[in-house]
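Everything below concerns the one structure shown next.
The values are calculated or read from the model by the stated rules, or taken from the named source; none is laboratory data. For clarity, every value in this text was computed on a predicted model and none was experimentally measured. Counting neighbours? That spans all protein chains shown, and the Cβs are built from the backbone with ideal geometry, glycine included.
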Amino acid sequence: MVINDRYLPLRGVGDSSLVRGMTEGVLFINITTLVEQIELWLKQRIELSLCKANGKAWWSSLPPKVQRNSENRHRWATAQIGVRRAGPSQDIAWLSMGDVISVLASLSKNDWQSCLQAETYRKKEFERALYKVKAFRDNYLAHPKPREISKFEMATLARTVQRFPTILKPDEWNQAMNLLGKIKTLSPDGRMQLLSIAMSFNKHKSETLSKQVECPDLDEPPYCNHDRKLNRRTTNWRVHVIRICADYDSGGYVFFGRQD
């Protein structure tokens, strides 16, 4: 989750300048995609976790109420579009956002931590944040209103989602913030070169990017004077984060600090 937050401006956590700078249409599209991706990610994690613990019987490990809700949705869909198009009834896709929250709430703290690959046991805090996302989804996406969603409402959702990584993975989040801080200290040309390398990623670019990010300060290889480079695991993690930042920020305005 740390590296999936596309609403974190380089200028600092909580800065709403990114939201202010977006047009209404672009902001709405990104917010809609964000909510969808959160729900899909949670369903994927739940299915993987339950399959690992229960094998083929994973569906029966869901809370009975969740099973009934899902069966009712499948039954309705079958009546509307037919059995073939509706697909199997025991599919994680039939869970609603409320069902997802219920499943997570039913897990023990250890199982919850394993399911979400969390560093913490802050289960209730994450649940409260999820309910805020669910409220936005239900009120504005699942049941559209005859008025536009305000930028304030979208920014409020973005701030809620920004809390996800600080709840689930605070250590990794701090590492990501430190990495973005290192990017910020590079020259404008250096930031754009880093973005270019990350965007046009191949075997050659992989070696180039790895050489640069193994430097604690992201100095280019000829200029790095550090006696000790970062280890392979940290280097690979940095490459992964920078590549995802580049995917989300192809213009370089958010994570790479470009200013025209």
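Just a yes or no: is a residue in the range 233-251 small (Gly, Ala, Ser), exposed (fewer than 14 other Cβ atoms within 10 Å of the Cβ) and touching a residue at least 40 places away in the same chain (Cβ under 8 Å)? Reasoning before the result, please.
Here is the first cut: in the range 233-251, the residues small (Gly, Ala, Ser) are 246, 250-251.
Narrowing further to those that are exposed (fewer than 14 other Cβ atoms within 10 Å of the Cβ): 250-251.
Next, only the ones that are touching a residue at least 40 places away in the same chain (Cβ under 8 Å) stay: 250.
Looking through the range 233-251, at least one residue is small (Gly, Ala, Ser), exposed (fewer than 14 other Cβ atoms within 10 Å of the Cβ) and touching a residue at least 40 places away in the same chain (Cβ under 8 Å).
Quick one: is ARG228 surrounded by fewer than 16 Cβ atoms within 10 Å (Cβ to Cβ), out of contact with any Ser or Thr (no Cβ under 9 Å at 6 or more places or on another chain) and not assigned by TED's automatic domain parsing to the domain that holds SER250? Working first, answer last.
On the way: surrounded by fewer than 16 Cβ atoms within 10 Å (Cβ to Cβ): yes; out of contact with any Ser or Thr (no Cβ under 9 Å at 6 or more places or on another chain): yes; not assigned by TED's automatic domain parsing to the domain that holds SER250: no.
For ARG228, the condition - surrounded by fewer than 16 Cβ atoms within 10 Å (Cβ to Cβ), out of contact with any Ser or Thr (no Cβ under 9 Å at 6 or more places or on another chain) and not assigned by TED's automatic domain parsing to the domain that holds SER250 - is not met.
Please find, among LEU186, LEU130, LEU141, the residue that is among the aliphatic types (A, V, I, L, M) and under 24 Å from ILE242 (Cα atoms). Give the steps one after another, and end with the answer.
Details: LEU130 fails: under 24 Å from ILE242 (Cα atoms); LEU141 fails: under 24 Å from ILE242 (Cα atoms).
LEU186 is the lone residue from the list that is among the aliphatic types (A, V, I, L, M) and under 24 Å from ILE242 (Cα atoms).
So which residues in the range 27-57 are without any contact (Cβ under 8 Å) to a residue 12 or more places away in the chain and under 16 Å from the mean Cα position of the chain (by Cα)?
ILE29, THR33, GLU36, LEU40
When you check PHE201 against the structure, is it of a type in the set (Phe, Trp, Tyr) and not assigned by TED's automatic domain parsing to the domain that holds SER114, yes or no?
Against the criterion (of a type in the set (Phe, Trp, Tyr) and not assigned by TED's automatic domain parsing to the domain that holds SER114), PHE201 qualifies.
Does LEU194 satisfy the criteria of being at pLDDT 95 or above and not small (Gly, Ala, Ser)? Quick ask: steps written out before the conclusion?
On the way: at pLDDT 95 or above: no; not small (Gly, Ala, Ser): yes.
Considered against the rule, which asks whether it is at pLDDT 95 or above and not small (Gly, Ala, Ser), LEU194 comes out as no.
Please give the number of the condition THR185 fails out of (1) of a type in the set (S, T, N, Q); (2) outside the structural domain of THR33 (by TED's automatic domain parsing); (3) surrounded by 13 or more Cβ atoms within 10 Å (Cβ to Cβ).
With (1) of a type in the set (S, T, N, Q); (2) outside the structural domain of THR33 (by TED's automatic domain parsing); (3) surrounded by 13 or more Cβ atoms within 10 Å (Cβ to Cβ) applied to THR185, the lone miss is (3).
Kindly establish whether ARG20 is loosely packed, with under 14 Cβ neighbours inside 10 Å, at pLDDT 95 or above, out of contact with any His (no Cβ under 9 Å at 6 or more places or on another chain) and assigned to a helix (DSSP H, G or I). Write out each step before concluding.
Working: loosely packed, with under 14 Cβ neighbours inside 10 Å: yes; at pLDDT 95 or above: no; out of contact with any His (no Cβ under 9 Å at 6 or more places or on another chain): yes; assigned to a helix (DSSP H, G or I): yes.
Answer is no for this residue.
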